[in-house]
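Heads up, the thing below is written out as structure tokens.
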Protein chains: 2
Amino acid sequence: MRLTKYFIPVLKETPSEAQIVSHRYMLRAGMIKQSSAGIYSWLPLGFKVLQKIEKIVHEEQMAAGHIPMLMPTLQSADLWKESGRYEDYGEEMLRITDRHGRDMLYGPTNEELITDIFRSHVTSYKDLPLTLYHIQWKFRDEIRPRFGVMRGREFYMKDGYNFDLDYEGAMHSYNRHMISYLRSFERMGLKAIPMRADSGPIGGDDTHEFLVLAETGESEVFYDNRILDLAFGNKEVNYEQRSECAGLVENWTKPYARTKETHDETLFNMVSEEHRKESRAIEVGQIFYFGTKYSDSMNAKVQNDKGENVSVHMGSHGIGVSRLVGAIIEANHDEKGIIWPEGVTPFHCGLINLRQGDDETDLACEKIYTSLKLVGLDVLYDDRTERAGGKFATMDLLGLPWRITVGPRGLKNNVVELVSRRTGVSEEVSIDQVSKRLAVIYGLV
Amino acid sequence: MRLTKYFIPVLKETPSEAQIVSHRYMLRAGMIKQSSAGIYSWLPLGFKVLQKIEKIVHEEQMAAGHIPMLMPTLQSADLWKESGRYEDYGEEMLRITDRHGRDMLYGPTNEELITDIFRSHVTSYKDLPLTLYHIQWKFRDEIRPRFGVMRGREFYMKDGYNFDLDYEGAMHSYNRHMISYLRSFERMGLKAIPMRADSGPIGGDDTHEFLVLAETGESEVFYDNRILDLAFGNKEVNYEQRSECAGLVENWTKPYARTKETHDETLFNMVSEEHRKESRAIEVGQIFYFGTKYSDSMNAKVQNDKGENVSVHMGSHGIGVSRLVGAIIEANHDEKGIIWPEGVTPFHCGLINLRQGDDETDLACEKIYTSLKLVGLDVLYDDRTERAGGKFATMDLLGLPWRITVGPRGLKNNVVELVSRRTGVSEEVSIDQVSKRLAVIYGLV
């Protein structure tokens, strides 16, 4: 993409309303624009990141055997009256009356709607286990929306729901979700720690939150820092193997890691002092097992192999897709701007022409631009007639992991500069090699 | 995907509320479930088709140089008061009050919001031309929602907005939209006819609707049937060439084609009788040029090359993404069920095991299933222990373009049956060749 044909309205000034770094950088980098309190338009660059995160979530959910679908944003109030949550939910639920005077609401979550779909179509244990999920816009009417997309009112969330015949089946679903979530966050370049948590208004017995360490986080967390050494890497997971999944979850939940709400000082003090850490953190996901809470109240039963009607065991599992954009920036930035992890970067690399209008430099840039596209790399080419300093500052703010700089001096030796945004390390690479070099880095060859 | 691990809740009975064939088949094939009047959940199979259509629209819009972004579903009423449409829009606009008593609305369209984004960031003619689009859920509170997803209340729409310095620039944007729309519909297996139309509440001077011929359509149309012979095929379009685009649009708009609202009997009678046709049709898209209507009222101006502030010329361009799912079925079905065009089919092919539980047949199916996946084909494997008749009926209802049938009789000769859903033509193919054969059909090799 050529910058002159794209739309990245970079702001020179730091917007005064933004209190945290992700909000400031998302506004300054032209990723979002507030349309009203806690509601944002995702400008082209922000939308690209949102799509990358959505794609990772879809891929990992489907790999775990979970089935994608899509529920609407607006729901009838009737189902919520049936479950008893219509009154409970309070003012955060946006209540709406349609032209016929019917009570509706903008879904803040989907336990009722999915349970209704389930009970309408599934009657036998033979159709279990079943896990359905969707990624859809939600609305919670926060009294004080703040921190940009981190605590907005309209937000994009993946929520999945498992239906199992018994507790053991539901625990396997719980484990699959934990693993698929950890893998998703890892692909996004995040260290997310699963922490035993409180269940809040969803209700439930077992629940873990996933927290990303960041100074600006709203949560206070206590953990054994050896959990930060765990990683999946390229390891495949067989999601059908209950014991394999249980073993992985055991590894990830053995080290002490709790939020303030469930923190246990005695247990925490048993962690050796060098590993005992306190920090602020951002919640980016949560999984719940809540047994038969909704299946009882909404009569979602199946016939088991003895011919008895039994309530199904359920859980719900959420990832804050739009919030993650902010969380990733909180965990990946410096004083110059964003530093995108390679898994979610809006463009694989930036290309800077140091002398726009100079025939030889323009030609070299065009050649590199074309060769990058040919190997499947998405490149942002700064083809403006702007001074070099301005181009560097913009590219640093946007935070693409790799920058190729093309100028007359290097071209004399047939080389360009390749710089890592994260390490700042710079190297000279021949014009012919630079696209291959990046293709290797991104695993495209 | 194995049917026993998927979720396609096929209905045996035809739902009484469904008046048209697409609505009946979408319910029967387990593609959608109504959650309240005019609001649907997209079950896994329906969601897959919706995603395919969305992907085609994205690809063709980006090919035309249009930039994807995403605006929120909820909007502040303020912008609509500024444009003067808040009162005009009537009861179809879903008006909402948030917890602080602020007037909001569920966006039925986005001219105001995009104009606000534009005027906040663009000030110079040097940043033009610019076309931004998004695909987002919209809401129109239809008094009588009907025909399933064809006239729902919550619907998925692509809407794009062009900003140009002058009339000529805006006309080129108009032409790009017409071409990219026609190409999109063609990839979806539809013959969509551009017809001069009325502008309605959007306002505007030039506007075309895109109509798909179908007996159940709500529109009455009059056309020269030679327009049905036009097609793009694999022809590339250079969207930067104004004259090339204008020439293509000229070809597509020369034959007489109008809706009832703009029909001109005298002009129509000049078409030779053999080509003069009247029909019912479904509207699946519309493009508008409306000049400075919104840029004047909302003060969206840029400085031109003489230093003067001038209102930008705008247009808006919509495709009914969720409606298209219904329209495609209206145009592609028989008495047994849906017949998906290859460009939008939820699975490339179906695989039927005629003797589930028989070792040799099961093994052959597994082998074919794996080889189809290896060549990149998405297959739905009916691995249920159901009688053959039931499996055929389900597969015909779901409408996958190709069906592979595996049974003991064929296996004796090492062959399976490959059947086209559209033509019914059946052929014997060796087990080893069937995935290659389909890969060729789908252009994967």
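The values are calculated or read from the model by the stated rules, or taken from the named source; none is laboratory data. All values reported here derive from a predicted model rather than from experimental measurement. Cβ coordinates were reconstructed from backbone atoms using ideal geometry, including for glycine residues, and neighbour counts include every protein chain displayed.
Every condition in (1) within 32 Å of the chain's Cα centre (by Cα); (2) in a strand (DSSP E or B) is met by B:VAL302 except one, and the failing one is (1).
From the list A:LYS55, A:LYS81, the lone residue that is more than 23 Å from A:LEU324 (Cβ to Cβ), charged (D, E, K, R) and without any contact (Cβ under 8 Å) to a residue 60 or more places away in the chain is A:LYS81.
When the criteria are applied in full, B:VAL310 meets the requirement of being part of a strand (DSSP E or B) and farther than 20 Å from B:ARG176 by Cβ.
In segment B:122-176, the residue that is nearest to the other protein chains (Cβ to nearest Cβ) out of those that are touching a Ser or Thr at 6+ places or on another chain (Cβ under 9 Å) and β-branched (Val, Ile, Thr) is B:THR131. It is to be established whether one or more residues within segment B:325-347 are part of a strand (DSSP E or B) and in contact with a Ser or Thr (Cβ under 6 Å, 6 or more places away or on another chain). For segment B:325-347, residues part of a strand (DSSP E or B) and in contact with a Ser or Thr (Cβ under 6 Å, 6 or more places away or on another chain): absent. When residues in segment B:262-277 are screened for being in a helix (DSSP H, G or I) and not hydrophobic (A, V, I, L, M, F, W, C), 6 of them pass.
For every residue, the table says whether it meets (1) more than 27 Å from the chain's Cα centre (by Cα); (2) among the charged types (D, E, K, R); (3) within 30 Å of B:LEU398 (Cα to Cα).
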site	(1), (2), (3)
B:VAL57	no, no, yes
B:ASP78	yes, yes, no
B:LYS81	yes, yes, no
B:TYR89	no, no, no
B:MET104	yes, no, no
B:LYS126	yes, yes, no
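Being under 17 Å from B:ALA192 (Cβ atoms) and assigned by TED's automatic domain parsing to the domain that holds B:ALA197 holds for only one residue in B:ARG258, B:ARG242, and it is B:ARG258. Among the candidates A:TYR223, A:TYR167, A:TYR174, A:TYR133, the residue that is crowded, with 18+ Cβ neighbours inside 10 Å, touching a Gly at 6+ places or on another chain (Cβ under 8 Å), more than 26 Å from B:MET31 (Cα to Cα) and touching a residue at least 12 places away in the same chain (Cβ under 8 Å) is uniquely A:TYR174. Failed condition for B:LEU211, given (1) out of contact with any helix residue (DSSP H, G or I) (no Cβ under 8 Å at 6 or more places or on another chain); (2) closer than 21 Å to B:VAL325 by Cβ; (3) surrounded by fewer than 23 Cβ atoms within 10 Å (Cβ to Cβ), with all others met? Answer for B:LEU211: the failing condition is (3).
A:PHE290 passes every criterion in (1) part of a strand (DSSP E or B); (2) buried (at least 21 other Cβ atoms within 10 Å of the Cβ); (3) touching a residue at least 60 places away in the same chain (Cβ under 8 Å); (4) not polar (S, T, N, Q) apart from (2). Residues that are part of a helix (DSSP H, G or I) and either surrounded by fewer than 24 Cβ atoms within 10 Å (Cβ to Cβ) or not assigned by TED's automatic domain parsing to the domain that holds B:MET178 (or both) within segment B:136-153 are absent altogether. Is it the case that segment A:315-332 has a residue that's surrounded by fewer than 21 Cβ atoms within 10 Å (Cβ to Cβ), assigned by TED's automatic domain parsing to the domain that holds A:LYS158 and either within 26 Å of A:HIS134 (Cα to Cα) or hydroxyl-bearing (Ser, Thr, Tyr) (or both)? So far as segment A:315-332 goes, no, none of its residues is surrounded by fewer than 21 Cβ atoms within 10 Å (Cβ to Cβ), assigned by TED's automatic domain parsing to the domain that holds A:LYS158 and either within 26 Å of A:HIS134 (Cα to Cα) or hydroxyl-bearing (Ser, Thr, Tyr) (or both). Of all residues in segment A:12-48, count the ones that are at the interface with chain B (Cβ under 9 Å from one of its Cβ atoms) and over 15 Å from B:HIS66 (Cα atoms). Of the residues in that region, 10 qualify. Within segment B:231-256, residues that are more than 19 Å from B:SER184 (Cβ to Cβ) have Cβ atoms under 7 Å from residues that are in a helix (DSSP H, G or I) in these pairs: B:ARG242/B:HIS172; B:ALA246/B:ASN175; B:PRO255/B:ARG226; B:PRO255/B:ILE227; B:TYR256/B:LEU267; B:TYR256/B:PHE268, counting only partners at least 6 apart in sequence or on another chain.
For segment A:66-104, give me the residue count where each residue is part of a loop (DSSP other than H, G, I, E, B), in contact with a helix residue (DSSP H, G or I) (Cβ under 9 Å, 6 or more places away or on another chain) and either more than 10 Å from chain B (Cβ to nearest Cβ) or buried (at least 18 other Cβ atoms within 10 Å of the Cβ) (or both).
So the answer is 7.
In segment B:411-443, of all residues being among the small types (Gly, Ala, Ser) and in contact (Cβ under 8 Å) with a residue 40 or more places away in the chain, the one that is surrounded by the most Cβ atoms within 10 Å (Cβ to Cβ) corresponds to B:SER435.
Considering only residues that are part of a helix (DSSP H, G or I), among the aromatic types (Phe, Trp, Tyr) and in contact (Cβ under 8 Å) with a residue 60 or more places away in the chain, which ones fall in segment B:2-52? B:TYR25 - this is the single residue of segment B:2-52 that is part of a helix (DSSP H, G or I), among the aromatic types (Phe, Trp, Tyr) and in contact (Cβ under 8 Å) with a residue 60 or more places away in the chain.
Conditions (1) closer than 30 Å to A:VAL21 by Cα; (2) touching a residue at least 24 places away in the same chain (Cβ under 8 Å), marked per residue:
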{"site": "A:ILE352", "(1), (2)": "yes, yes"}
{"site": "A:GLY357", "(1), (2)": "no, yes"}
{"site": "A:VAL375", "(1), (2)": "no, yes"}
{"site": "A:ASP382", "(1), (2)": "yes, yes"}
{"site": "A:THR385", "(1), (2)": "yes, yes"}
{"site": "A:GLY399", "(1), (2)": "yes, yes"}
{"site": "A:ARG409", "(1), (2)": "no, no"}
{"site": "A:VAL445", "(1), (2)": "no, yes"}
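The single condition among (1) within 19 Å of B:ASP206 (Cβ to Cβ); (2) more than 29 Å from the chain's Cα centre (by Cα) that B:LYS254 does not satisfy is (2).
Answer with yes or no whether B:ASP88 is of a type in the set (Asp, Glu), assigned by TED's automatic domain parsing to the domain that holds B:LEU248 and in contact with a strand residue (DSSP E or B) (Cβ under 6 Å, 6 or more places away or on another chain). No. In the set (1) of a type in the set (Val, Ile, Thr); (2) touching a Lys or Arg at 6+ places or on another chain (Cβ under 9 Å); (3) assigned to a helix (DSSP H, G or I), the condition left unmet by A:ILE114 is number (2). The set of residues in segment A:215-261 being among the acidic types (Asp, Glu), farther than 22 Å from A:ASN332 by Cα and in a loop (DSSP other than H, G, I, E, B) consists of A:GLU236, A:GLU240. Residues in segment A:132-158 that are of a type in the set (Phe, Trp, Tyr), more than 14 Å from the chain's Cα centre (by Cα) and over 14 Å from A:PRO72 (Cβ atoms): A:TYR133, A:PHE147. Just one of the listed residues (A:GLY443, A:GLY357) is closer than 29 Å to A:GLU54 by Cα and not in a helix (DSSP H, G or I), namely A:GLY443.
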